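The block underneath contains the structure these notes are about, expressed in structure tokens.
The values are calculated or read from the model by the stated rules, or taken from the named source; none is laboratory data. This one's a predicted model, so the numbers in the text were calculated from it and none came from an experiment. Heads up, the Cβs are rebuilt from the backbone with ideal geometry, glycines too, and the neighbour counts pull from every protein chain shown.
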Amino acid sequence: MTGFVAARGRSVTVSLLAALAALISGPEDTVAEGENTELRYQVAWGNMTLAEAKVNFALGEERYEIEGSGESQGALAFFFPWKGSARTVGKTTSDGYSVSRHDSEGSYKDKTRRTTVLWTVNEPLPTLEAEPQPDLSEVTPVPEAETADTADPFTVLISTLDKLEQGDPCEAEARVWDGRRRYDLKIEHIGESELSPDRPWAYSGAAIGCRLTYTPIGGFRRESEWKDKQDEISRVIWVGRLPNEQLVPVRIELSAPIGNFVGRLYTQ
């Protein structure tokens, strides 16, 4: 039973870490000094710690860089020693954020996967470098045409965070491509709520809720029990203000048939 929970937990943990990192922008030498912020999150299933993620964020007037990393912890690390990181670089314009490059790397036991996606101005499709190539006996194919008009998940969600800063609701629809998985993402505004700290170090106070809905297109495991059960899974990101007035993700909740998974920001 423990192995079963760990296997499910690893899949959910990766989703949570991806969502956390998707709202994080990393430091860049073109960003003004003093704008960098380091954040740390814990992902848990009930009282069981599954993973931790460390992130930094900063936004420049002309470009942005998003970084995030995480690794499994506790019992999950024993059964599934996983580490992952991702980085996005793009341009900041008057119209918002435009991704140029997205790199990701993940290692599980003795296996490592690396991907690089490049978006080029005036090119209809992004280019992809993947090592190893996807095994189409295990995952569904991603038709090349489906990668047109896409953005990486980090850029989509940081754009949504920017909407909240401007006083707009977190509502968006996007075609998302991370080099391995292609899916449509819908973000819906839930509204404001008062969060109570369920851990001594967790965030408390006003927060805005945003619900995420995924529609798988390609790159998902053929035998996955989650792929066809998206209606049974609820994903909510809560965004709150730190004492320095920065608006950041403070809590991520994922409810699935096997239980609730929560990513919490360390505030102490």
Among the residues listed as Val176, Val262, Val248, Val239, the single one being surrounded by 14 or more Cβ atoms within 10 Å (Cβ to Cβ), part of a strand (DSSP E or B) and out of contact with any strand residue (DSSP E or B) (no Cβ under 6 Å at 6 or more places or on another chain): Val248
Condition broken by Ile252, with the remaining ones in (1) more than 13 Å from Gly209 (Cβ to Cβ); (2) modelled with pLDDT of 90 or more; (3) touching a helix residue (DSSP H, G or I) at 6+ places or on another chain (Cβ under 9 Å) satisfied: (1)
Residue pairs meeting the criteria (Cβ under 6 Å; at least 6 apart or on separate chains; first more than 21 Å from Arg63 (Cα to Cα) and modelled with pLDDT of 90 or more, in the range 35-47; second assigned to a strand (DSSP E or B) and of a type in the set (Asp, Glu)): Gln42/Glu52
Count of the range 90-104 residues which are buried (at least 20 other Cβ atoms within 10 Å of the Cβ) and either more than 17 Å from Val55 (Cα to Cα) or aliphatic (A, V, I, L, M) (or both): 3
Output for the range 37-64, where each listed residue is outside any strand (DSSP E or B), out of contact with any Ser or Thr (no Cβ under 9 Å at 6 or more places or on another chain) and not small (Gly, Ala, Ser): Asn47
Test result for Ser107, surrounded by fewer than 16 Cβ atoms within 10 Å (Cβ to Cβ) and free of Cβ contacts under 8 Å to residues at least 12 places away in the same chain: no
Test for Gly191: is it outside any strand (DSSP E or B) and of a type outside the set (A, V, I, L, M): no
